[in-house]
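Have a look at the structure below, then the notes.
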Amino acid sequence: MLGKKALLAIVFPILVMRCSDEQFLIESTIITTNSLTVVDGSTGSLNDCTGCTYIVPADARIIDGLSLGLKPGDTIGLSANATYGPLTFRNIFGTADNPIIVKNCSGIARINAIGKPDGIKTENSEYFRITGGNVKGNYGIVVTGGTMSVNLGKLSTHFEVDHLEIQNSGFAGLMAKTDPTCDPATWRGNFLMKGISIHHNYIHDTGGEGIYAGNSFYLGANTPCGVQLPHEIHYIRIFGNILKNTGWEAIQLGCATKGASIHANVIENYGLANQKAQNNGIQIGTGTGGVCYNNHIKQGAGNGMIVLGQGDNVIYNNIIDQAGNYGIFCDERYSPGPGFKFINNTILNPKSDGIRIYADLVPMNVIANNLIVNPGSYSLYTYPRTPDDAFIYKLNDNVKIEMANNYFTIDPATIEETGLVDTQLQLNSVSPIIDRGTDISSYHIKTDFYYRPRLKGAGYDIGAVEQL
C-alpha cells in the first residue's frame with residue numbers, strides 16, 4: 001500500500017499503437033466532411049432586421065417555409081422588439097451551400113416557453129442554421145422554459161445551432177433526434193440525421209439533459225408497432241458549449257455511428273437531480289464512436305464521463321475534476337470495435353475510481369499518458385483488490401489493456417501543481433510528469449487541452465496539459 005504522500009508512476013513500454021482513419025477520426029475529417037460551414041458571427045454586422053427575408057411576427061406560432069415561399073439562402077429574423085411564445089419552424093429547406101438562416105435582429109430575441117412543451121421546434125427541415133451570434137459578447141437568442149427548450153426533431157437534418165442561451169428547461173435544454181414511431185419514415189435506413197453542428201451555446205438550469213442528441217437505444221426502441229431501430233447520426237460535432245446546473249447528463253449522445261466529435265465544452269454541476277444512471281457529465285451512448293477531447297468537466301453527482309460506445313472511441317486531453325463517482329466509466333455495448341483509447345486525460349479527486357473499465361469484449365484497450373490524482377476509493381479496497389485498483393479498475397483479467405506512462409498519485413502536492421483555477425492547470429519546471437509520456441504521434445494528437453503544440457521538450461508530457 002502506498003503511503004499518504006507516496007507516488008505511483010506507471011511507466012511501461014507501450015506496444016505499437018497504429019490505427020486507420022476509420023478507427024480514429026482526425027479532427028480535420030470531422031470539421032470538413034458533410035457538415036455545415038461554421039461561421040462564428042459574433043463580430044458580424046447582421047443586427048439590422050431590414051436585411052431579413054421574413055421577420056417573425058410576435059403572435060406567430062408556426063413558421064412554414066413552404067407557405068412563406070422561403071428559398072435557400074433566405075434569412076428569418078427574430079426581432080428583439082417582439083415578445084415570442086413557442087415557435088415551430090416547419091418545411092425549412094436550404095441547401096448545403098445556401099442554408100436558411102434563423103437569427104435575431106435589432107438586439108437579443110427572447111422566447112418564453114414556460115409551461116409549454118417546446119420553445120423552438122423544427123419539423124421536416126434540412127440545411128438550416130439557428131444562430132444568435134450577431135450580438136457581440138452576448139447570446140443573441142434566449143430561450144426560457146419549455147419541456148424541450150430547443151427541439152430539433154421530426155426528420156430535421158443538416159443543421160447548425162449556435163450562440164443561444166437556453167435556460168430553465170423542464171427536461172432537455174437542446175434535443176436533437178427523431179425517435180422511431182410506427183411511421184416507417186422514422187426508422188433506421190429510411191432516415192439519417194447528418195451534418196450536425198451544435199456549438200457555442202450557454203445551457204443552464206435544466207431538469208434533464210443539457211444536450212440530448214440521438215436515441216438511447218441503438219438496438220431498438222419500443223413503439224406501439226413493436227421494436228424499431230432508431231436513426232443513426234453521421235458527422236455530428238458538439239463543441240464550445242457551456243453547460244451548468246443540469247439535472248441529468250450535461251451532454252448525452254447516442255446512435256452517432258460515424259464522424260462524432262464532442263470537444264472543447266465546459267461542464268459544471270451536472271446530474272443535480274442525482275437520477276441513477278442519468279447523472280453523468282458526458283455520456284457517450286450506445287452505437288456511438290468517434291472522439292471526445294479537450295472538455296473540462298467539474299463537479300457532479302455521477303461519473304465525469306461514461307463511455308458505452310462502439311469500442312472505436314478515442315478519449316483524450318480532457319480535464320475531469322471532482323466527479324461524484326468514477327472519473328471515467330467504460331464498457332462496450334453491442335458491436336464492439338477494436339478497443340477504447342484513453343490518452344492524456346487529467347482526472348482529479350474523483351469520489352471513487354479514476355478509470356473503471358469493463359470492456360472485456362474488445363481486442364485491446366489503451367490507457368496511456370493519463371494523470372490520475374487522489375481517487376476517493378484508494379483506501380477502501382481489500383484483498384484480492386489492492387488500493388492501486390482505485391486508479392484503474394479492471395472488471396477482471398479478461399479486460400485487455402496496453403498501459404503506458406500513466407502517472408498516479410494520492411497527493412496533489414507531489415506533482416508540483418501550481419493550481420487549477422478557471423481550467424488553468426499549469427506545471428512548473430520540475431514537475432515529474434514533464435517529458436514522461438509515451439509517444440502518441442500515431443494518434444494524430446498534436447495539441448494539448450489549450451490547443452498548444454503537444455510535443456515541446458524531449459518527450460510528451462503526461463496529462464491534458466503540456467508545460468508552457
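What to note about this one:
- Entry for semi-axes √(5λ) of the Cα gyration tensor in Å (calculated from the structure that is shown) out of (i) 66, 27, 21; (ii) 47, 25, 18; (iii) 40, 23, 20: (iii)
- For the pair Arg385 and Asn245, label points projected 7 Å from Cα toward Cβ lie 3.5 nm apart.
- Efficiency of FRET from Cβ geometry, Met364 and Ala458, R₀ 25 Å, rounded to 0.05: 0.35
- 3J(HN,Hα) along region 444-459: 6, 8, 9, 10, 9, 4, 9, 6, 8, x, 6, 9, 10, x, 6, x Hz, from the Karplus curve 6.51 cos²θ - 1.76 cosθ + 1.60 with θ = phi - 60°, whole Hz, x for Gly and Pro.
- The chain, dipole about Cα centre (Lys/Arg Cβ +1, Asp/Glu Cβ -1), debye to the nearest 20: 320 debye
- Rough spin-label spacing in nm, given labels placed 7 Å along Cα→Cβ, for Tyr334 and Asn81: 5.0 nm
- Length gained on full extension, Gln467 to Lys71, computed as 0.36 nm times the residue gap minus the Cα-Cα distance: 137.5 nm.
- Distance (nanometres) between label positions extended 7 Å along Cα→Cβ at Ala60 and Asp183: 2.2 nm
- The trypsin sites (Lys or Arg not before Pro) of region 58-148 that meet both conditions, a loop assignment by DSSP and at most 12 other Cβ atoms within 10 Å of the site Cβ, are Arg61, Lys136.
- Close amide H contacts of Asn406 (hydrogens built in the peptide plane, cut-off under 5 Å, sequence separation of 5 or more or a different chain): Ile10, Phe12, Asn369, Asn370.
Read the figures in this text as sums done on the coordinates, not as results from a lab. This structure is a prediction, so every number in the text was calculated from the model and none was measured. Methodologically, a virtual Cβ is constructed for each residue, glycine included, from the backbone with ideal geometry; neighbour enumeration extends over all protein chains shown.
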